[in-house]
Amino acid sequence: MSHADFVHLHLHTEYSLLDGACRLDRLMDKAHELKFSSLAITDHGVLYGAIDFYKTAREKGIKPIIGCEVYVAPGSRLEKKSAGGGRDVYNHLVLLAKDETGYKNLIKLATAAHLDGYYYKPRIDKELLAAHKEGLIALSGCLASEIPEAILKEQLPKAREALDWFKQTLGAENFYLELQNHGIPEQAKVNRLLIPWAKEFGLKLVATNDVHYVEKGNSHAHDCLICIGTQTQLADVKRMTYVPEQFFLRSAEEMKARFSETPEAVLNTLEVAEKCNLEIEFGKLHYPVFHPPEHFTREGFLRKLLAEGLHRRYGIHARAEGQEFIVEQIDDARALPTFTPTAEQIANPQSAIRNLDDPAVAAAIKAVMDRLQLELKVIEKTDFISYFLIVGDFVRYGRDHGITCVARGSAAGSIVTFLLEISNVDPIRYGLLFERFLNPERVNPPDIDIDFADDRRADVIEYVRKKYGNDSVAQIITFGTMGAKSVVRDVGRVMGLSYGDCDRLAK
């Protein structure tokens, strides 16, 4: 199959929340249809669409280019003020990862932007970019970027100075001047200067289309999405708008026609795509490892903790010897979940409930020990010993430091989690199934949901980071998606319908 001789390097997916409207499945179908060999993702200030995008592109035989349209603070990212209020606290800049180093640097930039630089938007600054420039290619960006903005304000020396800074910092081979043409007069004005400057500064031009939706006909739907995001109505005169029917996934032919005066800018997109060859490795686990105290193996230490748990939970005095637990005595058989005392034991409780030879006591102890051995076999076979030791360790740390924490969900089906005091529910007493939690047929990491008091959660995370290493701790994000009913209500509001009408339609 012959490929199109153009690559889109500036594209916003649905992960540019309430701004981009490119659904990944439809986007890749269209890109495949238009014969694109590569495609870039450059969501605003974030990378959370990167992995979905990467996998979806690969499935369609398209090379994914992972990038980000970052927000750059005019001075320091740590300064939280603006001269004129609002818009002048950041500029846009497109960054693309050439390789794994570039991808890791993009992650560092996006993280720092949210943690240190957040002011209206997650912002980086030039100091941060210079420190994490390895493996990155930058495009000069849209009208909201530093160089075009300076040109439009007639601040040509400032524009040239910024252009030179990017060239010197990133290297001429990693900085491209971006031409856009959405029929906006300001873009024509910017392009008229960028084209000769490229020659003068020894830089190359690239043509981009700022893609926000897949098909030309999606323009109106995208307009409604912008209204939802900015809480305005279509009828509002002063609201944020995009020029209609321009920000879609254009074909290579359309791009060549729009940039007929600078055909090299279209072809240079292929050169950029050739430089970007990021390989992301999947399926490799970055599990932390539990280091037991001296003279203990991990298995041995887990069994020692479980023996202590047997005493705490059931009053069973047992010691771990190799693969076995030797039961030495019991405080009170009535603590055992399956023990039912006989009339004689009720009449003479003291001796009977401590007698290991009593058939009812022995049977109740056996029920606990059999369940424990069964679970241990599965845990050892599936190689999750470290997992249980680590979870038990940080839950104990939390409790020792007065932080409320308790497990919920299928973890309550395990006697091991009960004995390690990860959960507080006795699975034998309530007939809970261990197989729902961990099943040798389906070796997925067991999912232990633990609720921590939210004002102290950070303390536990910090403890785990310090003890087991930063690279073994990840925090997850959840996305709220727009359900059908809420969309009908939102779109109705945007179109100026009354609440009653929207509600009736939604129902």
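The values are calculated or read from the model by the stated rules, or taken from the named source; none is laboratory data. These numbers come from a predicted model, not from an experiment. All Cβ positions, glycine included, derive from the backbone under ideal geometry; neighbour counts span all protein chains shown. Surface accessibility is based on the protein's heavy atoms, side chains included, excluding ligands, DNA and RNA. Shrake-Rupley method; radii C 1.70, N 1.55, O 1.52, S 1.80 Å.
Data overview
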| item | result |
| --- | --- |
| Debye-sum result for region 229-369 in log10 I(q)/I(0), which assumes one identical scatterer on each alpha carbon, at q = 0.09, 0.14 Å⁻¹ | -0.59, -0.90 |
| The chain: calculated mean residue ellipticity at 222 nm from DSSP helix runs of at least 4, using -39500 (n - 2.57) | -13000 deg cm²/dmol |
| Positive dipole terminus of the chain, leading residue within Leu27, Ile379, Phe418 (C-beta point charges) | Leu27 |
| Rounded, prolate or oblate (a/c below 1.5 giving rounded, otherwise prolate when a/b exceeds b/c) for region 1-113 by Cα gyration tensor | prolate |
| Size of electric dipole in the chain: Cβ of Lys, Arg +1 and of Asp, Glu -1, about Cα centre, debye, nearest 20 | 740 debye |
| Of all DSSP beta bridges in the chain, antiparallel share, percent nearest 5 | 50 percent |
| Flagged links, alpha-carbon separation over 25 Å, of Lys35/Lys216; Lys98/Lys284; Lys81/Lys158; Lys80/Lys167 | Lys80/Lys167 |
| Contour excess over end-to-end distance, with Cα ends at Arg456 and Lys216 and 0.36 nm allotted per residue | 81.4 nm |
| Highest average packing first - 54-65, 265-276, Cβ atoms within 10 Å | 265-276, 54-65 |
| Among Val89, Ile65, Val494 - extreme Cα towards positive end, dipole of the chain, charges at beta-carbon | Val494 |
| Residue-span extension gain [Tyr48 to Asp501] - 0.36 nm each, minus C-alpha spacing | 159.5 nm |
| Accessible carbon and sulfur surface of the chain relative to its total accessible area, %, 1.4 Å | 52 percent |
| The chain, accessible area per residue, ligands and nucleic acids excluded (1.4 Å, Å²) | 50 Å² |
| Set of lysines with alpha-carbon distance to Lys366 below 19 Å, sequence-local pairs under 8 removed | Lys304, Lys377 |
| Most to least packed among 282-290, 141-149 [average Cβ atoms within 10 Å] | 141-149, 282-290 |
| Local electrostatic count, Asp19, Cβ distance below 12 Å [Lys/Arg +1, Asp/Glu -1] | -4 |
| Cα-based reach from Lys485 at 25 Å (exclusive), listing lysines while leaving out same-chain residues under 8 positions away | Lys507 |
| Relative contact order (%) - criterion: Cα under 8 Å, at least six apart; region: the chain | 11 percent |
| Relative packing of peptides 153-161, 225-233 - highest average C-beta neighbours within 10 Å first | 225-233, 153-161 |
| Sequence of Arg504, Arg465 from largest to smallest accessible area, 1.4 Å probe | Arg504, Arg465 |
| Pairwise centroid distance, computed over Cα atoms, of region 402-447 with region 26-42, Å | 45 Å |
